[in-house]
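Here the structure is laid out as structure tokens; the discussion comes afterwards.
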Amino acid sequence: MTPMSDSSVRSLEPDEAKAHLRAVIRRERLQRSERRRHEAAAAFRDHVLALTAIQSARCVSVYASRPHEPGTGPLIEALHRRGVRVLIPLLGDGLQRGWGVYRGVEDLIERAPGRPPEPSGDFLPSGALAEADVIIVPALAVDTSGTRLGQGGGWYDRALMEARPSSPVIALTFANEVRDGASDPLPRESHDLGVDMVITPEGAHSLPA
């Protein structure tokens, strides 16, 4: 698949532009070596742990990453060792979306090929996200106006409706996936919720969500 020019992408309807960008970014992520992914995961951990909001957090929501996503394994384990309650997305009966509590790396299970690992404990309803003092979300790209390009299911946009307004929402992504919101904005629809910060392996950047 050949990437379209920026002007061609901007001429598409938002859903079409998002689909194109997702395909391009996913393909680019496949080129990142395992060593670089492990190095990035350690950097994500260190940048998140350095945040002021994390220092006092008692509960943090973090996605469990798949192999080519910005890695969260080291971050989740570090928070757990600090005694922080870590909420991880969990699929319940009838594809109901909710949360599970992380209890250790051996507890995360990949229940189906391609699905993110999930904790094996009790299913907590979507409203449990209101307990989180900080929310770490996945992203394929973020722009400097706070727009996040997600995986396409809209799950996090719905889930974030349950978050406390005071809880910062932080996206993890790679540096080449951060775009200028003025000159090269991501497509954004009315249901898309923004993020307050983006963290790359190079550092953290506050955003106007």
Margin query: Quick test for you: out of GLU202, GLU177, GLU189, pick the one residue that is surrounded by 19 or more Cβ atoms within 10 Å (Cβ to Cβ) and among the charged types (D, E, K, R).
Written below: GLU177
Check: When segment 85-122 is examined, which residues are found to be in contact with a Phe, Trp or Tyr (Cβ under 9 Å, 6 or more places away or on another chain) and farther than 19 Å from LEU160 by Cβ?
Finding: ASP93, LEU108, PRO119, GLY121
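State all residues of segment 69-86 that are among the basic types (Lys, Arg) and either closer than 23 Å to ALA112 by Cα or not in a strand (DSSP E or B) (or both); if no residue qualifies, say none.
Kept after step one, since they are among the basic types (Lys, Arg), are these residues of segment 69-86: 81-82, 85.
The answer is ARG81, ARG82.
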Item checked: Residue tally, condition part of a strand (DSSP E or B) and without any contact (Cβ under 8 Å) to a residue 24 or more places away in the chain, over segment 187-209 -> 1
Check: So which strands (runs of 3 or more DSSP E) stay within segment 87-186 end to end and still have 2 or more residues that are touching an Asp or Glu at 6+ places or on another chain (Cβ under 8 Å), under 19 Å from THR72 (Cα atoms) and without any contact (Cβ under 8 Å) to a residue 60 or more places away in the chain?
Finding: 97-101
Check: Can you tell me which residues in segment 140-174 are among the hydroxyl-bearing types (Ser, Thr, Tyr) and either more than 22 Å from ALA17 (Cβ to Cβ) or crowded, with 21+ Cβ neighbours inside 10 Å (or both)?
Finding: THR147, TYR156, SER166, SER167, THR173
Check: Only one of these conditions is not met by LEU49: (1) under 19 Å from SER167 (Cα atoms); (2) touching a residue at least 40 places away in the same chain (Cβ under 8 Å). Which number is it?
Finding: (2)
Note to self: Quick check on PRO119: is it of a type outside the set (Lys, Arg) and touching a strand residue (DSSP E or B) at 6+ places or on another chain (Cβ under 8 Å)?
What the structure shows: yes
Check: in contact with a Leu (Cβ under 9 Å, 6 or more places away or on another chain), of a type outside the set (Gly, Ala, Ser) and within 28 Å of LEU21 (Cα to Cα), is that true of LEU193?
Finding: yes
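Sort out which residues of segment 69-86 are in contact (Cβ under 8 Å) with a residue 40 or more places away in the chain and among the basic types (Lys, Arg), and write them in order of number.
Filtering segment 69-86 for residues in contact (Cβ under 8 Å) with a residue 40 or more places away in the chain gives 69-70, 72, 75, 85.
Result: ARG85, single match.
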Note to self: Looking only at segment 70-107, how many residues end up being closer than 26 Å to SER56 by Cβ, among the aliphatic types (A, V, I, L, M) and at pLDDT below 95?
What the structure shows: 2
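The values are calculated or read from the model by the stated rules, or taken from the named source; none is laboratory data. In this text the structure is predicted, and so the values were computed from the model without any measurement. Please note: Cβ atoms are built from the backbone with ideal geometry, for glycine as well, and neighbour counts cover all protein chains shown.
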